[in-house]
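**Q** I'd like to ask you about the structure that follows.
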Amino acid sequence: MNAAAASAAASADTDPSTDLRIALVGLPNCGKTALFNRLTGGRQKVANYPGVTVERKEGAFTGASGRRYRLLDLPGTYSLTPTTLDEAITRDVALGRLAGEAQPETIVLVADATHLALSVRLALEVRDLGLPMVLALNMSDLARRRGYALDRERLAAELGVPVVETVAVSRGGADALIAVLERMPAPAPVPARGWQQPSAEQVRDTHREAARILDVAGYREPARSALAAQADRMLLHPVLGMIALAVLLFLVFQAVFSWAEAPMGWIESATAWIGERVHTALPAGPLRSLLADGIIAGVGSVIVFLPQIIILFLFILALEDSGYLPRAAYLLDRVMGSVGLSGRAFIPLLSSFACAIPGIMATRTIPDMRDRIATILVAPLMTCSARLPVYALLIGAFIPARAVGPFNLQGLVLFAIYFAGIIAALCVAFVLKRLRRGEDTHLLMLELPDYQWPDPGNVLLGLVERASLFLRRAGGLILAFVVLLWFLATYPAPPAGATAPPIEHSYAGMIGHAIAPVLAPIGFNWQIAVALIPGLAAREVAVGALGTVYAVSGDEEAVAQTLSSVIAADWSLATALALLAWYVFAPQCLATLAVVKRETGGWRYPLVMAGYLFALAYIAAGITFHVARAFGAG
Amino acid sequence: MAPPPAEPAVRQLADLPVGGVATVEGIDEAGALSRRLLEIGFFPGARVEVVAAQWPGDDPIAVRVGGSTFALRRREAQLVRVSPLRPGEGTR
């Protein structure tokens, strides 16, 4: 917007021709993101702030007047004095100090109506910036049900800003907020005000002032439900809480296998059906081979794992929404601390089970840089969902689906692999702790928010986001590699009269055979060697690559067979177990290394990471292979 | 039987037993850590209650303060000076 438009708009109450830039500011866990989703309908642009990897979430909506609002969701914070990179972004954006980011024209301060004290204190700090501000009392329905009392007009008068009630999780829950925003005058130039970090005395003063204001406004904080207190007594208990956490994690991994079985079967049949259709419809030739052997076999063998990824994320998102995750961090803090990690490392590490990239980005909530680096270095040892296709393929092919007591043997093996990754991470963290000197200054100081029922809308939105990310990868990166690999596996054509399968004569065959001697000691054949290379780009590509390699080298009927039955016939159990062990440590994907470089500001840590993971993967696979062979699994 | 030893008037939050209620007297040290403790509600006069402690060594602990619950490591809880209250004696 240019200056002329700004001054012209200043005379009108609301000028629909100008956008209003709004930033959402609030405490962690105040329901800010849910409110953001409510206002923008979930349509959002997720990127990074320039120069740093703090996630920048922007969305837009249009008011009844036709005015457009551009909404920025700032990281949650307790104050404008940052202790983490995230909080520093919130301050810098609010102050208009962040290069490349325009200062917001209005601040919506989101407060959790069920406990207002800290939010009102933050509002007092933010108010001093001199920007127009609205206080949104979020979760007001919940507060009301629990019997809260508040004179909203009195609060507005005391604070000198409009106060509205919002219910982020229900339709129309943000209408009052939009109505107030519609009445906001067009943005005027904000008087430049210096900001100084308040002294401890000033912080105490804002606490007192907040208490006074809430008292004058007749705020009665709703009583905490007896059920929540009871739940905490159990879930935070040193013994019962640990048992509950173990049972919960175990159930998640069981569900990933059991619930996904049927939909995976459907996808497999659909892939096979399409492959056969293509096969019969097209004449033999390069096009048929590319479509059936390359694209359908390759991409199909990756997409089949979509149900498992959705189930895993369903649990992660629901747990995130319920407020349980920080409690798990509390329970595991002792274990983490004993290997030199911050208790706060739990949430980034848990996200790494989905993908190491958001996990590594989440480490910016860890204030101490050395803690952060240690967490970043072990994050790839958490089994990410991209490895799930590899594990699921191998477990499906080699581990019988027997019942062991009430459990499924395949689920047990998967649980064991996840567990192996966690143990490895703890060991690596311990070694890192020994390597570095200096006193431990690890912090926890983590809020345990009130329990909430997960909001189905939010969970669904998160699932759609994750599923579409996975499918876009399958359709983009994975498709590209699969096509490239098909080309390498098909050309050059074998010389006339050759007896070996054509792939032996191809570029892929040559590459595979060239690397095979290095991998032979750990039990990998040349087909695996071929698949491991694109597997560096993204782990699940390895599965697509194996699909393509075996489809190209197989005979006509092999196309209709599933990859799982092909490798079950071709590989020894020792090889399969060695490959499982390899992927526990698998040198992580290039995207992860790129994020690590950006986060740590240099090549040192990504190189350290790639080096140690390669070495561990090779050693672990070698030991597994030889031990399995010694036990007769060769 | 000997009478129970008198409770010291002021002690560290870290030493409060599970279920113990106290009033915050102040925060030791001046640094980013103390400042954040202050910001999240550990200011003089605030009422605190220890709701859980992890084994072994009561580290970390979970504390209710001003309507929120925070998990604190022992080292963090040692910075907060409190004077214990008998149940029912809290300000709110």
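**Q** What length, rounded to one decimal in nm, is gained on full extension from A:His626 through to A:Arg145, with 0.36 nm per residue of separation minus their alpha-carbon distance? Numbers along the way, then the final one.
**A** Details: separation 481, 0.36 × 481 = 173.16 nm, distance 6.29 nm.
This chain segment gains 166.9 nm when fully extended.
**Q** Normalise the Debye intensity by I(0) for the range B:11-80, one equal point scatterer per Cα, no solvent, then take log10 at q = 0.14, 0.26, 0.28 Å⁻¹ and round to two decimals.
**A** Listed by q, the Debye log ratios stand at -0.34, -1.25, -1.45.
**Q** With runs of 4+ DSSP H residues as the only contributors, calculate the mean residue ellipticity of the protein assembly as shown at 222 nm using -39,500 (n - 2.57) per run, divided by the residue total and rounded to the nearest 500. Present the calculation step by step, with values, prior to reporting the outcome.
**A** Details: 30 runs with 369 residues, N = 726.
For the protein assembly as shown, the value works out to -16000 deg cm²/dmol.
**Q** State the antiparallel share, in %, of DSSP beta bridges confined to chain A, rounding to the nearest 5.
**A** Expressed as a percentage, antiparallel bridges in chain A total about 40.
**Q** Something else about it: With a sphere of radius 12 Å drawn around the Cβ of A:Trp526, what net charge do the other residues whose Cβ falls strictly inside it have (Lys, Arg +1; Asp, Glu -1)?
**A** Surrounding charge for A:Trp526 is -2.
**Q** If the chain between A:Glu201 and A:Ala60 were fully stretched, how many nm would it gain, using 0.36 nm times the residue separation less the Cα-Cα distance?
**A** So the extension gain works out to 46.8 nm.
**Q** If you don't mind, there's one more thing I want to ask. Under a point spin-label approximation (7 Å from Cα along Cα-to-Cβ), what is the B:Val18-A:Asp128 distance to one decimal in nm?
**A** 4.0 nm
**Q** Here is a follow-up. Output the 0 to 90 degree angle, nearest 10, between the alpha-carbon long axis of helix A:541-553 and the longest principal axis computed from the alpha carbons of chain A.
**A** Helix A:541-553 and the main axis of chain A meet at about 30 degrees.
**Q** Which three semi-axes in whole Å describe the equivalent ellipsoid of the range A:41-200, each the square root of 5 times a Cα gyration tensor eigenvalue, listed largest first?
**A** Working: eigenvalues 118, 79, 56 Å².
They are 24, 20, 17 Å, listed largest first.
**Q** If you don't mind, there's one more thing I want to ask. So, taking all protein chains as they sit and a 1.4 Å probe, how much accessible area belongs to A:Arg146, in Å² rounded to tens?
**A** 70 Å²
**Q** Could you work out how far apart the two model spin labels at A:His505 and A:Ala284 are, taking each label as a point 7 Å from the Cα in the direction of the beta carbon, and quote it in nm?
**A** Label-label distance for A:His505 and A:Ala284, simple model: 1.5 nm.
**Q** Tell me the chymotrypsin sites (Phe, Trp or Tyr not before Pro) within the range A:186-267 that lie in a loop according to DSSP and have at most 15 other beta-carbon atoms within 10 Å. Could you put the intermediate results ahead of the total?
**A** Values: sites: A:Trp195, A:Tyr219, A:Phe250, A:Phe253, A:Phe257, A:Trp259, A:Trp266; in loops: A:Trp195, A:Tyr219, A:Trp259.
Sparse-neighbourhood loop chymotrypsin sites (Phe, Trp or Tyr not before Pro): A:Trp195, A:Trp259.
**Q** Given the C-alpha centroids of the range B:59-83 and the range A:139-203, what is the distance between them in whole angstrom?
**A** Here the two parts' Cα centres lie 29 Å apart.
**Q** How much FRET efficiency would the formula 1/(1 + (r/R0)^6) give for A:Arg434 and A:Val335, where r is the Cβ-Cβ distance and R0 is 25 Å, rounded to 0.05?
**A** Computed FRET efficiency for A:Arg434 and A:Val335: 0.90.
**Q** Still on this model: Using only atoms on other chains, find how many Cβ atoms lie within 10 Å of each Cβ of peptide B:52-64 and report the average.
**A** 5
**Q** Quick one, what does Rg over Rh come out to for chain A if you take C-alpha atoms and the Kirkwood Rh? Write out the running numbers ahead of the final one.
**A** Working: Rg = 27.9 Å, Rh = 27.2 Å.
With Rg and the Kirkwood Rh in hand, the quotient comes to 1.03.
**Q** Using a Förster radius of 30 Å, what is the FRET efficiency between A:Trp603 and A:Leu469 based on their Cβ-Cβ separation? Nearest 0.05, please.
**A** The formula returns an efficiency of 0.65 here.
**Q** Continuing with this model, one more query. Name the residue from A:Ala508, A:Leu426, A:Leu471 whose Cα lies farthest towards the positive end of the charge dipole of the protein assembly as shown, charges +1 on Cβ of Lys and Arg and -1 on Cβ of Asp and Glu.
**A** Farthest towards the positive pole: A:Leu426.
**Q** How far is helix A:325-338 tilted off the main Cα axis of chain A, in degrees rounded to 10, range 0 to 90?
**A** Result, in degrees: 70.
**Q** Show me the chymotrypsin sites (Phe, Trp or Tyr not before Pro) within the range A:565-618 that DSSP assigns to loop and that have at most 14 other Cβ atoms within 10 Å of their Cβ.
**A** Qualifying residues, ordered by number: A:Trp603.
**Q** If you take the charge dipole of chain A about its Cα centre, with +1 on Lys and Arg Cβ and -1 on Asp and Glu Cβ, which of A:Leu20, A:Pro348, A:Gly601 is farthest toward its positive end?
**A** So the residue we want is A:Gly601.
**Q** Same structure again: With a point put 7 Å past each Cα toward its Cβ, work out how far A:His513 is from A:Ala179 in nm, to one decimal.
**A** Modelled inter-label distance: 7.8 nm.
**Q** Which of the GluC sites (Glu not before Pro) found in the range A:95-137 are loop residues per DSSP with 10 or fewer other Cβ atoms within 10 Å of their Cβ?
**A** none
**Q** To continue, here is another question. Share of antiparallel DSSP beta bridges in the range A:3-216, in percent to the nearest 5?
**A** 35 percent
**Q** Per-residue counts of other Cβ atoms within 10 Å, averaged by peptide: what ranking do you get for A:513-521, A:591-599, highest first?
**A** A:591-599, A:513-521
**Q** To continue, here is another question. Between A:Ala102 and A:Arg212, 0.36 nm times their residue separation minus their Cα-Cα distance comes to what?
**A** Stretched out fully, the A:Ala102 to A:Arg212 stretch lengthens by 36.2 nm.
**Q** I need the calculated FRET efficiency for the pair A:Ala480 and A:Ala255, taking r as the beta carbon distance and R₀ as 30 Å, to the nearest 0.05.
**A** On the way: r = 32 Å, r/R0 = 1.08.
Given R0 = 30 Å and the Cβ-Cβ separation, E is 0.40.
The values are calculated or read from the model by the stated rules, or taken from the named source; none is laboratory data. Treat the numbers as computed from the prediction; the structure is a model and nothing was measured. All Cβ positions, even for glycine, are placed from backbone atoms using ideal geometry, and neighbour counts span all protein chains on display. Note: areas computed on protein heavy atoms with side chains; ligands, DNA, RNA excluded. Shrake-Rupley method; radii C 1.70, N 1.55, O 1.52, S 1.80 Å.
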